[in-house]
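Here the structure comes first, spelled out in structure tokens, and everything after it is commentary.
The values are calculated or read from the model by the stated rules, or taken from the named source; none is laboratory data. These numbers were taken from a predicted model, which means no experiment stands behind them. We place every Cβ from the backbone using ideal geometry, glycine too, and count neighbours over all the protein chains shown. The area values use the complete protein model at the heavy-atom level, side chains included, leaving out ligands, DNA and RNA. Shrake-Rupley method; radii C 1.70, N 1.55, O 1.52, S 1.80 Å.
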Amino acid sequence: MSLQSVNGAVGGGGNGTAGRHKVPRLRLSMLAVVATALFASLFARLYDLQVVGSSDYQVQAEANRVRTVQVPAPRGRIVDRNGKVLVDNRVAVVVAIDRNVFGDLAEAEQAALLQRLTGELTAAGQVITPEEVTERLRDQRYSRYAPVPVATDVPEDLKIYLEEHAAEFPSVVVERTPVREYPYGNLAAHILGYVGKINDDELAFVEASDDTAKPYALNDEIGKTGVERTYERYLRGTPGVRRIEVDAEGDPVRVISEREPRPGDDLVLSIDIDLQAVAEQALQQGLADARARPPNRDNPPNNATTGAVVVEDPNNGQLLALASYPTYDPTAFVDGIDANEWAYLNDPANHYPLNNWAIQGQWAPGSTYKLFMGYAALHSGLMAPDTIFYDGGGYLIPGCTGLKCYRSNAGGAAHGAVNISEALTVSSDAFFYNVGAQFWLQRERFGDEGLQGYLAPWGVGEETGVALTGERPGRIAGPTWKREYNEPIGGDTVWRTGDSVNVGVGQGDVLVTPLQLANGYATFANGGTRYVPQVALRAQTYRTGDVTQEFAPEAAGRVEIAPQERQALLDGLANVPVRGTAAGAFAGFPLEDFPIAGKTGTAQVDNKADTALFSAFGPVNAPRYQVTAVLEESGFGATSAAPVVRRVFEVLAGVTPRPVAGPNGLPVNPEGGGLVGGGGAGYD
């Protein structure tokens, strides 16, 4: 081998070593770039977490660490127009179970605890089973961070026993909570209503609403009926908020902060509770008197099961009293009503005590309807105030043949030549039979629904709009109604003269509620303004009495009535207590000092005793009060309903010393003696 070859070999070996040295340096450079990129990404993520998104993640961390529990607030009180407390709050004992502590017990310990606890509760009158308690504890709608209530309003001695034997009842919590109290017992129960635990449908409804200031939770109370329901938004308090720190497993560690609950507003009603007591006592007495009285004609016995009395201020629509019978005790709902009590209140044999018959009872108005018929006759031009009709004791329906074509007056009385004023005073059925018939016989002049058009403005065929639950609409019967009602069931759809004759005296298919009737007469008393009956005056704060919401009178409509028309009708009504159908009931009442105008009514019902009605207002020249009484299955209006109205007017007129409502809901006469009331006998 030549020297040149050896040198070449040596040179080639040196070049290979240099190449091998370049590869590690390249790899290190690439690794450095990757590492730099990774650290840059890491730093960017850290910057995003710690700087950019810090507030969001702090909120999430706080949510994981803190739980919020709602603290119930007391409901506002309900008071009458004079400030007397009708519904208040009292402190009741609640037995509850802390689920966190209960969950740490062994299954055998849990079973033994529930057995002991339910045994003590049942013995104390709070009947409950271990299975029912277990079902509550498993209900995830109850907050994990508040004790689950098991029984409310338990006796004080049981509270003491549970506290003294706390070791035997681990996880059992005994607390105090406000519940509703009724100082006047069942007085005005249908106006006040009651509260109860919110149900799933109600909870879903309020959660869907926009009002987040007063949120609801399971086991909260909510108004169910009466003003407790319609004015719920004012009566409900603002719940408090308790913030609880929890550990990684969600168990509570400590209370971080707490905002006290704020009571709801007081609700001031238009009701005068003393007058309410008078109305309820008079109604109950009237029904009792009717049951003791022989029935009218050949009627069945006077069962006198239900009834209502309405007292209204005709100048603004404010309700001063609203009595309904039978009634109930709202205290039964305080700790949750049991199945037997609920069944009793909804049993037809007990005549539905939960029904507010003043707004839910629908009865034929009988001759009280003649005021509205008289208006229709005059305002339509069918007749004038001095138009004479001869009443021979009955009315033969024109163009009718058969036994039912002749309609007799009550008792067959013949009143002779009468105008509209006299027809109202003596309650001439024949006169108003003719009015009803003529509207139909002259339908080319008035239209098929002509009569009904003059009745509607009085509000007797629609809800009054009173702020109470369950109001029913009544009915103005007419050709359209008959067709729409009977066609689906295959009944008679043809309106005939006889149908209009029935409407003329408030019979047939005509229906009114006591409040509708009262509001119609109040409309006439004030000259034609129909108000929405008002049950609440204002909402105000409990501590200061500052008004948070004023409820002003609201006009629902206007009845246009000429002065001469109104005077003719007023003359007829004003003579009813003087020498008309209510003269017997008002014998001895000082009508010269406190004149009253009104109308009796007796509605016939198949296979039942007559419904008795009387609606009146006074004093006549400057009416301040409208009083209506309706007594089902009680006989003649003059005999049964008019004396009830008289008893109320005796107090309003100062004839009888004004009683004061006692704790049992009955009126107590401060000067001794009871309420006095005139008797009465007669038709209609």
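What shape does the range 444-508 have by the C-alpha gyration tensor, where a ≥ b ≥ c are the square roots of the eigenvalues, rounded means a/c under 1.5, and otherwise prolate means a/b greater than b/c and oblate the rest? Don't skip to the answer; put the middle values down first.
Working: a/c = 2.23, a/b = 1.40, b/c = 1.60.
Oblate shape, in that a/c is at least 1.5 and b/c is the bigger or equal ratio.
Sort 409-416, 636-643, 459-466 for me by packing, meaning the mean count of neighbouring Cβ atoms within 10 Å per residue, highest on top.
Values: 409-416: 16.5, 636-643: 32.0, 459-466: 20.5.
Peptide ranking by packing, descending: 636-643, 459-466, 409-416.
Filter the chymotrypsin sites (Phe, Trp or Tyr not before Pro) in the range 521-611 down to the DSSP loop ones having no more than 16 other Cβ atoms within 10 Å, then list what survives. Could you put the intermediate results ahead of the total?
Working: sites: Tyr521, Phe524, Tyr531, Tyr542, Phe551, Phe586; in loops: Tyr542, Phe551, Phe586.
Passing both the DSSP loop test and the Cβ count: Tyr542.
Order the peptides 484-491, 300-307 from the highest to the lowest mean number of other Cβ atoms within 10 Å of their residues. Let's see the in-between values first.
Details: 484-491: 9.9, 300-307: 20.9.
The most tightly packed comes first, giving 300-307, 484-491.
Accessible area of the chain with a 1.4 Å probe: how many percent of it is carbon plus sulfur? Could the numbers behind the result be given before it?
Values: 16030 of 31160 Å².
Roughly 51 percent, rounded to a whole number.
With n ≥ 4 as the cut-off for DSSP H runs, can you work out [θ] at 222 nm for the chain, using -39500 (n - 2.57) per run divided by the number of residues, rounded to the nearest 500? Can you show the working numbers first?
Numbers: 24 runs with 244 residues, N = 684.
Counting only the DSSP helices, I get -10500 deg cm²/dmol.
If you average the sequence gap of Cα pairs under 8 Å that are 6 or more apart and divide by the length of the range 415-571, what percent do you get for the contact order? It would help to have the intermediate numbers written out before the result.
Numbers: 201 pairs, mean separation 37.8, N = 157.
RCO, the range 415-571: 24 percent.
Please find the FRET efficiency linking Leu441 to Lys214, where r is the Cβ-Cβ separation and R0 is fixed at 60 Å, and quote it to the nearest 0.05.
Numbers: r = 60 Å, r/R0 = 1.00.
The value I calculate is 0.50.
Given 0.36 nm per residue, what is the gain on full extension from Thr387 to Thr122 after removing their alpha carbon distance, in nm?
Numbers: separation 265, 0.36 × 265 = 95.40 nm, distance 7.47 nm.
The span from Thr387 to Thr122 would gain 87.9 nm if fully extended.
Calculate the dipole size of the chain relative to its Cα centre from +1 charges on Lys and Arg beta carbons and -1 charges on Asp and Glu beta carbons; express the result in debye to the nearest 20. It would help to have the intermediate numbers written out before the result.
Details: 57 positive and 82 negative charges, 392 e Å.
Its charge dipole is roughly 1880 debye.
Would you mind calculating the relative contact order of the chain from Cα pairs under 8 angstrom and at least 6 residues apart, reporting the percent as a whole number?
The value is 15 percent.
If R0 is 56 Å, what FRET efficiency do you get for Val660 and Ala111 from their C-beta distance, rounded to 0.05? All intermediate terms of the calculation are to be shown ahead of the outcome.
Values: r = 55 Å, r/R0 = 0.98.
Here the calculated transfer efficiency is 0.55.
What ranking of Arg176, Arg658 comes out by heavy-atom accessible area, probe 1.4 Å, highest first?
Numbers: Arg176 130, Arg658 100 Å².
Solvent-accessible surface, decreasing: Arg176, Arg658.
Just by accessible area at a 1.4 angstrom probe, what is the order of Asp98, Asp272 from largest to smallest?
Details: Asp98 45, Asp272 15 Å².
The ranking, largest first, comes out as Asp98, Asp272.
Treating the beta-carbon of each Lys and Arg as +1 and of each Asp and Glu as -1, no other charges, what is the dipole magnitude of the range 186-333 about its Cα centre, to the nearest 20 debye?
On the way: 14 positive and 26 negative charges, 103 e Å.
With only Lys, Arg, Asp and Glu charged at Cβ, the dipole is about 500 debye.
Note down the nm distance, to one decimal, between modelled labels 7 Å out along Cα→Cβ at Gln70 and at Glu245.
The two pseudo-label positions are separated by 2.7 nm.
Using a 1.4 Å probe, what is the accessible area per residue for the chain, in Å²?
Values: 31160 Å² over 684 residues.
Per residue, the chain has 46 Å² of solvent-accessible surface.
Based on the alpha-carbon gyration tensor of the range 502-567 and its eigenvalue square roots a ≥ b ≥ c, which shape applies: rounded if a/c is under 1.5, prolate if not and a/b is larger than b/c, or oblate? Before the final figure, lay out the partial values.
On the way: a/c = 4.49, a/b = 2.04, b/c = 2.20.
Note, shape of the range 502-567 comes out oblate.
Of Ala292, Tyr433, Tyr325, which is farthest towards the positive pole of the chain's charge dipole, taken about the Cα centre with +1 and -1 on the beta-carbons of Lys, Arg and Asp, Glu respectively?
Tyr433
In the range 107-150, what trypsin sites (Lys or Arg not before Pro) fall in a loop by DSSP, with at most 15 other Cβ atoms inside 10 Å?
Arg141
Looking at the range 509-616, which GluC sites (Glu not before Pro) are in a loop (DSSP not H, G, I, E or B) and have at most 10 other Cβ atoms within 10 Å? Please report the intermediate quantities before stating the final value.
Values: sites: Glu550, Glu554, Glu560, Glu565, Glu592; in loops: Glu554, Glu560, Glu592.
The qualifying sites are Glu560, Glu592.
Under a plain spin-label model, where a point goes 7 Å from the Cα along Cα-to-Cβ, how far apart in nm are Val605 and Ala339?
Here the modelled spin labels are 3.2 nm apart.
How far apart, in nm, are the 7 Å Cα→Cβ label points at Gln564 and Asp139?
Result for the modelled spin labels: 7.0 nm.
For the range 122-276, what relative contact order do you get, as a whole percent, if you take Cα pairs closer than 8 Å and at least 6 residues apart?
16
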